[in-house]
1. Could you check how many residues of segment 164-200 are of a type in the set (D, E), in a helix (DSSP H, G or I) and either without any contact (Cβ under 8 Å) to a residue 60 or more places away in the chain or open to solvent by 80 Å² or more (accessible area, probe 1.4 Å) (or both)?
2. Please verify whether segment 146-156 includes one or more residues that are open to solvent by less than 40 Å² (accessible area, probe 1.4 Å) and over 29 Å from A81 (Cβ atoms).
3. Can we say I86 is within 25 Å of R165 (Cβ to Cβ), more than 16 Å from the chain's Cα centre (by Cα) and surrounded by 19 or more Cβ atoms within 10 Å (Cβ to Cβ)?
4. Please work out which one of (1) within 18 Å of the chain's Cα centre (by Cα); (2) open to solvent by less than 20 Å² (accessible area, probe 1.4 Å) is the condition A102 fails and give its number.
5. Mind listing just one residue for me: the one in segment 106-133 that is part of a helix (DSSP H, G or I) and touching a residue at least 60 places away in the same chain (Cβ under 8 Å) and, of those, surrounded by the fewest Cβ atoms within 10 Å (Cβ to Cβ)?
6. Among the residues of segment 42-60, is any acidic (D, E), farther than 22 Å from N118 by Cα and without any contact (Cβ under 8 Å) to a residue 24 or more places away in the chain?
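The values are calculated or read from the model by the stated rules, or taken from the named source; none is laboratory data. In this text the structure is predicted, and so the values were computed from the model without any measurement. When we count neighbours, we look across all protein chains shown, and the Cβ atoms used for this are built from the backbone with ideal geometry, even at glycine. Protein only, heavy atoms only, side chains kept; ligands, DNA and RNA dropped before computing areas. Shrake-Rupley method; radii C 1.70, N 1.55, O 1.52, S 1.80 Å.
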Amino acid sequence: MLKVGLTGGIGAGKSEVSRLLVKYGAVLIDSDRIAREVVEPGTPGLAAVVEEFGPGVLTAEGTLDRPALGALVFADAGRLAALNAIVHPLVGARAAELERAAPEDAVVVHDVPLLTENGLAPLYDLVVVVDATAETQLERLVRLRGMTESDARARMAAQATRDRRRAVADLIVDNDGPLEALEPQVRTVWDELVRRAAAR
């Protein structure tokens, strides 16, 4: 099994890269998806979040109100750390469970947005960083996700710098250009991952 950490700044296009890697044969463990699962209604994770942040982070239906929670944590490093202390251990345990279930010869790609920020690079055999300029990230967040420019900048500022991400990378995918330029790069990365997996 080859354990790969995949990361990139918000709006860099990491989801598109993970989609392509799955198409080629990777087993994907998506930290964002797991982070949503561990705070679904009825979970200990959601109960802990409400205890920490109050009932104002719930919708009328009793689900997590992500925009309300985001407004609390993205402007306050201490509150963000409190949220991460609840969610990250739950995500880590579930990711480990999914990894154990993968075939022995699999290329397992862990899609981890905050890999750099949380010092997680040593957990993986290698790290792939999806890279884009801040200008590209900002444009995508505003155009594709409908964020205001100030919200987008706040989200970007809460993450590691581009240089810090690139410093932990074993392989870099440049996603500053159009989608058509991405697939050949990801194919090359996949071929390298398969080669490394076979050499283990």
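1. Total meeting the criteria: 3.
2. no
3. When the stated conditions are applied, I86 passes them.
4. If we test A102 against (1) within 18 Å of the chain's Cα centre (by Cα); (2) open to solvent by less than 20 Å² (accessible area, probe 1.4 Å), just (1) comes out false.
5. Out of the qualifying residues, it is L123.
6. Yes, some residue in segment 42-60 is acidic (D, E), farther than 22 Å from N118 by Cα and without any contact (Cβ under 8 Å) to a residue 24 or more places away in the chain.
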